[in-house]
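Note sheet for the following structure.
The values are calculated or read from the model by the stated rules, or taken from the named source; none is laboratory data. Just so we're clear, the structure is a prediction, and the values are computed from it rather than from any experiment. All Cβ positions, even for glycine, are placed from backbone atoms using ideal geometry, and neighbour counts span all protein chains on display. Surface areas here come from the heavy atoms of the whole protein model, side chains and all, with no ligands, DNA or RNA. Shrake-Rupley method; radii C 1.70, N 1.55, O 1.52, S 1.80 Å.
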Amino acid sequence: MAWAGNQTLISHFILLGLFTHTPLHLFLFSIIMIMFLVALSGNGLMILLINVDSSLHSPMYFFLSWLSLMDLMLISTIVPRMAADFLLGGGSISFTGCGLQILFFLTLLGDECFLLAFMAYDRYVAISNPLRYSVVMSRRICWLMVAWSWLFGLVDGLIQAVFTLHFPYCGSQEIDHFFCEIPSVLKLACADTSLYETMIYVCCVLMLLLPFSVISASYLRILVAVLRMRSVEGRQKAFATCSSHMMVVSLFYGAAMITYMRPQAYHSSKQDKVVSAFYTMITPMLNPLIYSLRNKEVARALRKLLGRCPCGGGH
């Protein structure tokens with residue numbers, strides 16, 4: 001504890017969590033743990049398949065392997081801590097721990113925003129300009145796109161984590177959330193945060209709308225290119241390739257926009273928790289399932305990998 005005038009500044013927070021210890025909440029907690037294991041195994045398997053199968057060594061799958069890694073890191077930033085707090089009780093988290101959680105969470109969230117935009121641009125080039133695809137989407141360009149995604153996310157995460165913990169916090173230590181999400185943390189600040197909240201709102205709108213505008217423009221151009229195709233088979237293949245990405249974009253951006261593009265006055269604690277659970281747990285679990293179930297090349301690579309594995313029994 002530290003003192004600021006007549007106020008005692010708190011040195012740590014207490015996360016109230018997502019569940020209480022009731023039979024229904026124990027059941028929901030079990031479901032979340034199953035989702036966590038599915039997300040870990042699904043994203044881990046996607047990374048493995050893309051790295052070991054040469055037929056998946058293309059820009060689209062290169063980006064997909066990074067998306068799987070980001071999803072893996074995102075869910076691991078939130079769920080293990082939440083599970084430990086629920087099982088062991090307490091929920092105490094230090095200032096530093098809270099700052100690191102904000103940093104990792106926002107960095108990964110920003111990474112995914114920009115990576116999904118680059119993935120949409122990749123599909124646009126592949127369908128609209130296939131003859132120049134290998135030149136436009138060279139390995140160097142792909143690595144630069146991934147690096148820029150990480151850089152944008154890291155800068156955003158650092159700025160918001162530092163500024164959030166710059167405020168003095170006194171009085172209640174209880175964050176009504178299952179992780180250190182900025183709107184919930186700022187409610188405990190004993191200073192006027194209205195200007196900073198407005199800046200966060202503008203920043204989040206830009207971080208979401210800039211990549212989303214690239215995605216929208218890319219898919220509009222893709223739609224025009226597909227409608228001009230004379231081959232029915234070519235149209236079907238183009239739509240099949242893009243539909244998985246569009247599903248992932250809809251899930252991710254839909255939940256993120258509900259959380260970060262609504263004014264603070266329209267937020268409620270229960271609603272924020274549900275929406276946050278969606279894009280921190282459900283989306284990372286669904287992404288590899290969407291790509292594997294709707295993608296013949298991934299399914300073929302999985303069958304090939306399983307065929308290599310010794311199954312025991314006969315020789």
Seminar exercise, completed: Going residue by residue through the range 218-235, the Karplus relation 6.51 cos²θ - 1.76 cosθ + 1.60 with θ = phi - 60° gives ³J(HN,Hα) values, rounded to whole Hz and with x marking Gly or Pro, of 4, 6, 5, 5, 4, 4, 4, 5, 5, 5, 7, 5, 8, 7, 5, 4, x, 4
Exercise. How much of the accessible area of the range 5-161, probe 1.4 Å, is carbon plus sulfur, in whole percent?
Worked result: 73
Problem set entry | Listed residues Tyr196, Tyr169, Tyr279, most fluctuating in the chain (Gaussian network, C-alpha, under 10 Å) | Tyr196
Problem set entry | Residue among Leu48, Leu100, Leu67 with the largest mean-square fluctuation in a Gaussian network model of the chain, springs linking Cα atoms under 10 Å | Leu48
Seminar exercise, completed: Restricting to lysines and to Cα separations under 19 Å from Lys187, and discarding same-chain partners fewer than 8 apart, the set is Lys270, Lys273
Seminar exercise, completed: Straight-line reach check, Lys296, cutoff 20 Å on alpha carbons, 8 or more apart in-chain or any other chain, hits among lysines -> Lys237, Lys304
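Which whole-number percent gives the relative contact order of the range 76-156, counting Cα pairs below 8 Å spaced six or more residues apart?
With pairs under 8 Å counted, the relative contact order is 43 percent.
Full-extension gain between Leu28 and Lys237, please, as 0.36 nm times their residue separation minus the C-alpha to C-alpha distance. Each step should come with its number before you reach the end.
Details: separation 209, 0.36 × 209 = 75.24 nm, distance 3.87 nm.
Between Leu28 and Lys237, full extension yields 71.4 nm more.
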Exercise. So what are the ³J(HN,Hα) numbers for the range 250-258, from phi and the Karplus equation (6.51, -1.76, 1.60; θ = phi - 60°), rounded to whole Hz, Gly and Pro as x?
Worked result: 4, 5, 5, 5, x, 5, 5, 5, 4
For this session: Of the options Gly42, Gln173, Pro130, report the single residue whose Cα projects farthest towards the positive end of the charge dipole of the chain (beta-carbon charges: Lys, Arg +1; Asp, Glu -1).
Result: Pro130
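Please compute one quarter of the surface area of the Cα convex hull for the chain and express it in square nanometres.
Working: hull surface 81.7 nm².
About 20.4 nm², averaged over all directions.
With a ≥ b ≥ c the root eigenvalues of the C-alpha gyration tensor of the range 62-217, is it rounded (a/c under 1.5), prolate (a/b larger than b/c) or oblate? Each step should come with its number before you reach the end.
Values: a/c = 3.20, a/b = 1.96, b/c = 1.63.
Prolate.
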